[in-house]
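A quick write-up on the structure given underneath.
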Amino acid sequence: MLPEKADLKHSEQFTKRMLELSRNIASMVDLSSILSKITVIACDLTNSQEASILLYDRTSSDLRFQAVANHKRQKLLKTSVPLEASVADRIFSTAVPLVINDAEDDPRIFREIDQRLDFHTHSIMAVPLTVDQAAIGVLETINKNDGSNYTEDDLTILETIGAQTSLAVSIANLQRKLQESDTNIRNLDRMKSDFIAIASHELRTPLGLILGHATFLKETVGEGLSDQMEVIIRSAMRLKSIIEDLSAIAQKEEGLSRIRNTEFSMSALVEEVANRFKEVSAAKKIHLSYDVPDGDSLTIGGEREKIDVALTNIVQNAVIFTDANGQVGIKAERAGDQVKVFVVDTGIGIPATDVERIFDRFYQVESHLTRKHGGMGLGLSIARGMVELHDGEIWCESREGTGSLFCFALPIKSSRDMTAARLFTAD
Ligand code: ADP
């Protein structure tokens, strides 16, 4: 039975030191310095000669000293105690605190450390450190300074400090895992980018040859095989457009995208894109309309072809994801020093959980393997890239089953304004 000593004599000091510790843990940068601080606090608050923290090392399957309060014991750092025949081991395997006030002949004390350090353990108090109910180590204090016995109060104090220590270790583990996954994500992203860049570059030349020869052959083989040749050419053209998409992404990622510095009318572009989709919309029985102001009010500085790609990709999706008797509308208007372009459809809409991600590369709402429509999940990512190259913004609002609204806003800049460092005049 431990001697009772009801009042926590240094309760004010205790509260202060615990508060200080909590703050240190909350702003922790380096676990080992926090652990050292904890051993010093444990010594002070339990009036002990020594305190140490041992943590379980999975690789070597033993307990290792991670922090000690006393300089004389620094050489213990990173050394291990056997997972049998030591107090630390007992605490670690039973997860029950232990106080030994008469340690002189106690067989549970691992004497080798005392001998190595020329130290004498009279009394020892140890508590388990646990994370998610699993033991991760031990916090122990050794020898009361005044030679007295450890009390229940001392044990309560050490258990409180132990709980804080476990918290610190747990936070450090989470920080490490977060860092590791961050690095993994970066590496994967890099690999994905490299793959896109290499694939688009390497496929371009052989595909050019296939297309060239197929076109030549179509002319020479005559009527008999022209249907087959037509299929080859159409499929090769489809591959070409995929490679162009990949190439646009790769260039944007590597910062190689350039904007040709011209002025163009957004009204005329909207009209042109709408007309391009007239036939396919009519074939699907979709009502396609557009609404733009006449004249030069929507003239902006930038590269028409790139904004054409962005608008085409958005309108194409609107037509693809809208069923017969639905509507697709395109509208462009001036809003302050911006031009805004809206594409609205009464199609299938996009679930709220997906809206945030549809501009990500390769993101598709339906699984690629089961979806009815073709595509690679690149169209909107390219559209965003093109808009952002023009310092614009793009977003989407959608309701599943009702339809979607895509909008992009571009600053109205004259071609003279476009001399910012990242915009280059081509060739
Ligand atoms: P993809 O070329 O594969 O369609 P996009 O990047 O153009 O790739 O679009 C990504 C996904 O966003 C599409 O697969 C589709 O699930 C969804 N989406 C895009 N536009 C619409 C739209 N107007 N209505 C419904 N879903 C859309």
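Expressed as an acute angle from 0 to 90° and rounded to the nearest 10, what is the orientation of the C-alpha long axis of helix 152-221 relative to the principal long axis of the chain? On a 0 to 90 degree scale, this one is about 20. Mean sequence separation of contacting Cα pairs (under 8 Å, at least six apart), scaled by the length of the chain, corresponds to a relative contact order of 11 percent.
Spatial offset of segment 139-157 relative to segment 11-75 amounts to 15 Å, using the alpha carbon center of each.
Legend: residue pairs LYS16/LYS72; LYS192/LYS413; LYS331/LYS413; LYS218/LYS306; LYS218/LYS252; LYS284/LYS340, Cα-Cα distance threshold 30 Å; pairs beyond threshold, LYS192/LYS413; LYS218/LYS306; LYS218/LYS252. Simple spin-label estimate for ASP105 and LYS72 gives 2.5 nm between the two label positions (7 Å along the Cα-to-Cβ direction from each Cα). Any idea how far apart LEU207 and CYS407 come out in nm if each label point goes 7 Å out from Cα toward Cβ? Here the answer is 3.5 nm between the modelled labels.
The aspartates and glutamates whose alpha-carbon is closer than 19 Å to the alpha-carbon of LYS285, local same-chain residues fewer than 8 away aside, are ASP323, ASP345.
Rounded to the nearest 500 deg cm²/dmol, what is the calculated helix-only ellipticity per residue at 222 nm for the chain, with -39500 (n - 2.57) per DSSP H run of length n ≥ 4? Can you show the working numbers first?
Values: 11 runs with 194 residues, N = 427.
Mean residue ellipticity at 222 nm (helix-derived): -15500 deg cm²/dmol.
In degrees between 0 and 90, to the nearest 10, how far off the longest principal axis of the chain does helix 304-320 point, with axes built from Cα atoms? On a 0 to 90 degree scale, this one is about 90.
Sorting THR322, THR353 on the 10 Å Cβ count, fewest up front, what's the list? Write out the running numbers ahead of the final one.
Working: THR322 24, THR353 9.
Taking fewest neighbouring Cβ atoms as first place, the list is THR353, THR322.
Site-free segments of the chain were taken between trypsin sites (Lys or Arg not before Pro) in DSSP loops having at most 12 other Cβ atoms within 10 Å, sites themselves excluded; the longest one is 79-284. Cβ-to-Cβ counts within 10 Å put PHE277, PHE406 in ascending order as PHE277, PHE406, the fewest first.
Between 0 and 90 degrees, the angle of helix 379-389 with respect to the longest Cα principal axis of the chain falls at about 90 degrees.
Coordinate-derived values only; no laboratory data. All of these numbers come straight from a predicted model, not from anything done at the bench. For neighbour counting, all protein chains shown are included, and Cβ atoms are generated from backbone atoms with ideal geometry for every residue, glycine included.
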